Each structure stands twice: as structure tokens, then as C-alpha cells.
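First up is the structure itself, then whatever we jot down about it.
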Amino acid sequence: MIFSTFSRRLAGLILILLLFSLIALVFLWYAGSLDIIDDEFHNRQNLTDQILMQSIIWIDRGISLYELQYIPSLEKAMELYQDAYLKSGGNITDLDLELLKQQAERELGDSWDFYLVDENGIVLKSTFKNDIGLDFKIWPSFYELVSQIRTNGTFVPDRMVKGYAQNAPYRKFAYMGTPDGRYLLEVSRNFQHLLPKASGASYKELIHNLPQLNPDIISLELYNSKYEVVSRFTSDNTPKNPTTNTLQQIIRTFSERKNSEETDIESGNIVRYTHLAINDTDSPSASEMFLVARTEYSTENRDQKKVALTIILGGFLLLTGFVASGVAIAGSRYLSKPINRIVEDIQYIADGDLDHKIRESGSSEFLVIEKAITQLVTSLKQTIASLKKREEELMDELSKRWRAEQNYRRLFESAHEAIFILKGTTIESCNNAATNLVGRNLKEVIGKEIYELSPPIQQDGSVSSTACTQIMNKVIQGEISKIEWDLERKDGTIIETEAQCSAVLSGDDIMVMALFRDVTELKEMRKREIKAIIQIEDNLVNLAAINDQIRNPLTAISILNEMQDGEFKIKIQEQVKAIDELINEVDKHFINTDKVRLFLIKHYGIHQKSEYKKEQKD
């Protein structure tokens, strides 16, 4: 045996860990080297951007110094413009800009244009016709600056720019506000090309020298604020027109004044868009001197270095793998033997043989594990027994609940009372008696609002939709439990009902169970009973009146009969007596009828004639 003690086994394990540690260090070196390659690649790009930005600033300073020679002539032209404005008395209709242009070109030479801008930034008059109506407010920052010049009345020269009008020449502008602050006077000296001419050569020289400093550059293009190419370099000397995506990126870079970067999907090259600003912050049109550089960097050199580095890593890993595999196989076979035995025993237990014993490995190091597994199996057997018992109890409980639910469902469906289960005013469930009551099938009832199955107005004059919501809230709060409610069948028949309502808890929701009973026939019967009692009372009154009407004449007849001695006296007396007995018999029936009336009043509450009259009125 190679290892006879656990200490030697541990030594073999440490050897393997050292090998893996060495591999980890190699990977760290590999990752660090990749980062260095990437950093060098990006540092060259950053350096190129810095050279571009600083060089553009230097070139612009040269152009700015060259433009200083034109400021005296601009000041002279502005004096002519101010004199003409003052002579017009501020009346711009009398201001002849064409005559002023001829005077300036005659006295100062070259080509000149004059512009008059109002306080809203609109060019009202100009000798350059294409600019008439131009609105400076489309450039908010520029408009704000020239508005300050208009109100301050100071003379401010601008940079030489081409402008946005079609076929416009290069122009060096100057601005000054009128003494009354109403208008902005604008003068431009016109040139056929950008001066100095050497500036174009400077840009070209710059972009052709940069690839010598950074060999990753395969193309470099400079764009002006009109998105035109100022100068271009390509490694294959085959210039290409800018794509739509390129122009979009150029426009976004000018707009956001931020640098951006993207990867060309086809070639994998890195394309950078760099915003090149100048240091001139005083000139109103300084932003038009800004440029954007589009630089395309090849990743071929970087990728070749990474491939070479990866090959070196692969060779070392292959060698390390052979060594580590030999050591690991030999060491693991011995180290895993007792573990494999424990695993086999655990597998027997996992297969269901909980009575299987863990075999002793003969190593004191694994004795604690073996005892712990034995205790775990014993505890597991107890837990399984407890879980089985609990499972049987749960199944029995579920069976009882299922039977109870089935019984409840049968009772619910077979109940003669119409039962609605409501959530708020919405019908969540109902039984067959409920669908029969409203004359609809189950699909036409479930999901409906209870007031949708009711007439719009209840008998008490309340609106069904409003009253229904109020009643449900009161039922939930326990304020009422019994209501009278009219339902409407599908055929339009109105059903008078009484409902017994109660709030029930279903999960987290409070539902209302309403048992509706059709009392339409019952109310009709009550009306008939009240009508009968009223008729009885009316009959009793009439009988009492008739009794009095009969007895009074009968008494008179009896007295008159006593006063005479005719041959019919006895017969008349006998008939009077017979009639009196009949009246007494009527009195007896009157008393019996009154007892019936009193019985109905006492036991059935039918005693108010006004109640019947009210119902008749309704």
C-alpha cells in the first residue's frame, strides 16, 4: 500500500492541492496578461484621442490668430451700419442695406453682407436673401448669447463659419446691439474658402501622422458641424462614403458632446467617435468650429497576442494535467476506499434497507462519521414512522373534509330555498333553486351583480344598485340579517322575496350567503285576509245598524198593538215576538262573528283597515 496512515493520505492530498494552486496562479498570470494586452490596446486609443483633441485646439488657435486681422475692417463696417441706423431714426423701413453694402465694399473692399435681427431672433432684413426669415431661436444657446449682445450694445466679433444656408460662402460675422436695444446689427465679411488655406493641410497632416504613432488605426475621418468630411485617412487608400449608422453616430456625438465606442459586427474592429472641442468660449459661433473624429482600430494585432498567450497556457496546462492526473488517481484510489464503503452502505439505506449496518472501515478517522450515520439512520427511521402516522391522520382528515364538502354541496344544490353566495354585490355561486327563482341558467347568473337581476326601483322607491350595496355593507357589519327584496325574472316578472342574510368568511374574503324565499303568493293571501276582515267589520257595523232600525219600529208596533183591541191583536203580538226572536238570533251570530274577528286580530295580526287601504293605494 502506498499510504498506510491518514497523514500520508493527507500529504498526497496536499500535493494535489499544490498542483491546483499552481494552475490557479497560471490562470491568474494568463488573465493578468490578457488585461495588460487590452489595457495597452485601450491606452493607445486614449492617447490617440488626447493627441487629436490637443492638436485640434492648436490648429484652431492658429486659425483664430489669423482671423484677428479682419476685426478692424469688421469694426469699420459696424460703424457704417450704426451711423445708417441712427440716421434712420430707428425706422428700419428707411434703412437701405443694399446701399450700405455698396458703401462698405467701396470703402473696405471684398464682399460684405448686412443683417437686421429683431428681439425675437428673426432676421428681418438682409443683403443675403437666403437668410431673411431665419429664426435664431432654433439654436437656444446662440439666441441667448446674441440677445445679451443686443441689450448690452457691445461689439462682438465671431468666428469664420459657412452657415447653414444653401450655397452660403464662408463668412466672418460681427454683432452689435442698437443704442435703443431694439435690434441686433449683424455684419459679415465673405470669403470663397476657409482661411487660412493651410488649416486644411494641418488637418490632413494630423490624421496621416497619427497612424504612425498607433499602428492599430486603419481609418480616421474628421467631420465638421455640418457632418461633412473635413479630412480622411484609410490604410488601403480607398475612401468610402459614410454609412447611415456612421452619420447617426456623428450627429449624436455633436448633440451630446460625449465620446462613444462601438464594435463593427462584420470585422470586429473597434470604432470610436471623439468630440473635438476648441478653447474659444467667447465667440457666438464657436460651437460650429467643433469637430468629431471617427477612428477605426483593428483588433488583429491584439487578437494575435491573445492567441499566442493562449497557446502557451494550453501547453502548460497539458503538462500539469498529466502530472496531476497521475498523482490524483493513485492518491484518490486509496483515500476513497473507506469513503466508497460508507457510500455503498448509505446507498443500501437510501434504497430502503434502513436496518443495514454501516461497516467499520478500520480507520479511527472515519469512526465518528460511521457513528453519526448510524445515529442519523436511527433518527430517520423514527421520523419516517412519525411521518407515516401523520400522513394517515392527514388522509383521514382530508377524507372527512371531502365527505363533508360533498354533503354540503348536495345540501346546497338540493335545497328548496334559493341560495346566493355574494362577494360584495357580485354573485359568486348559487344553487338550482336560485336559478329557477330568477328564470335563468347558471351561466346567466354567476358573475352578475344581484341588482342586475332586480327591477331598477324597489317597492320602497330606492334605487336597486345603491340599496344593494348599502344592504350588503350592513349585513357584513351585522346590523341587519333579514331583508325584503324584489327580483325580476328573465321574462320581466317581478318576484317579491324575503331574504335571510349572513356574513361568512371564505379564505381572506368576507362573503354574504343570502337565502331568498318567494313571498309573492303569501303577500297576496295576506291582502285577501285583510280584505275579508274588513268586510266582516263592515258587515258587523251594518248588522248593528239594521238591528237598531228593526227593533225601534218593532217596539212602536208592539205598543200600538197594546193600545187597540182588534181581532188581530194576538196575531200581531205573535208576529212581533217571532221577529224579536229572529233579531236575537242575529245578535247571537253577531257576537260569534265578532269573536272570530277578535281571534284573527289576536293570533294573525290582521286588524288594521288602514293597512289594506295603504296596499290598495300602492
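The values are calculated or read from the model by the stated rules, or taken from the named source; none is laboratory data. As the structure is a computational prediction, the values presented were derived from the model and not from experiment. All Cβ positions, even for glycine, are placed from backbone atoms using ideal geometry, and neighbour counts span all protein chains on display. The protein model used for the area step is the full one, side chains on, heavy atoms only, and it has no ligands, DNA or RNA in it. Shrake-Rupley method; radii C 1.70, N 1.55, O 1.52, S 1.80 Å.
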Q) Which whole-number value in Å² is the accessible area per residue of the stretch 266-316, probe 1.4 Å? A) 43 Å²
Q: May I ask you to evaluate 6.51 cos²θ - 1.76 cosθ + 1.60, the Karplus curve with θ = phi - 60°, for each residue of the stretch 460-470 and list the ³J(HN,Hα) values in order in whole Hz, giving x for glycine and proline?
A: 7, x, 7, 6, 4, 5, 6, 5, 4, 4, 5
(Q) Give me the percent of accessible area attributable to carbon and sulfur for the stretch 441-569, probe 1.4 angstrom. (A) 54 percent
Q: Beta carbons within 10 angstrom, averaged per residue: use that to sort the peptides 414-426, 136-148, highest first.
A: 414-426, 136-148
Q: Determine, from the Cβ-Cβ distance of Ile36 and Ser255 and an R0 of 41 Å, the FRET efficiency 1/(1 + (r/R0)^6), rounded to the nearest 0.05.
A: 0.70
Q.
Using a 1.4 Å probe on the protein heavy atoms, what percent of the accessible area of the stretch 13-158 belongs to carbon and sulfur?
A. 60 percent
Q) What is the spread of the Cα atoms of the stretch 444-508 along each of their three principal axes, largest first, in whole Å? A) 36, 27, 18
Q: Just the number, please: carbon plus sulfur as a percent of the accessible area of the stretch 203-330, 1.4 Å probe, no ligands or DNA/RNA counted.
A: 54 percent
Q. Does the stretch 23-132 classify as rounded, prolate or oblate by the C-alpha gyration tensor (a ≥ b ≥ c root eigenvalues; a/c under 1.5 gives rounded; else a/b over b/c gives prolate, otherwise oblate)?
A. prolate
Q) D for the stretch 185-314, whole µm²/s, Stokes-Einstein with Kirkwood Rh over alpha-carbon pairs at 4 °C and 1.567 mPa s: what number? A) 77 µm²/s
Q: Take the alpha carbon gyration tensor of the stretch 283-324, find the square roots of its eigenvalues, order them as a ≥ b ≥ c, and report rounded if a/c is under 1.5; if not, report prolate when a/b exceeds b/c, else oblate.
A: prolate
**Q.** For peptides 263-272, 481-490, sequence by mean Cβ density within 10 Å, most packed first
**A.** 481-490, 263-272
**Q.** Long-range HN-HN contacts of Ser285 with modeled amide H, under 5 Å
**A.** Arg159
Q) Kirkwood hydrodynamic radius (Cα pairs, Å) of the stretch 383-469? A) 15.8 Å
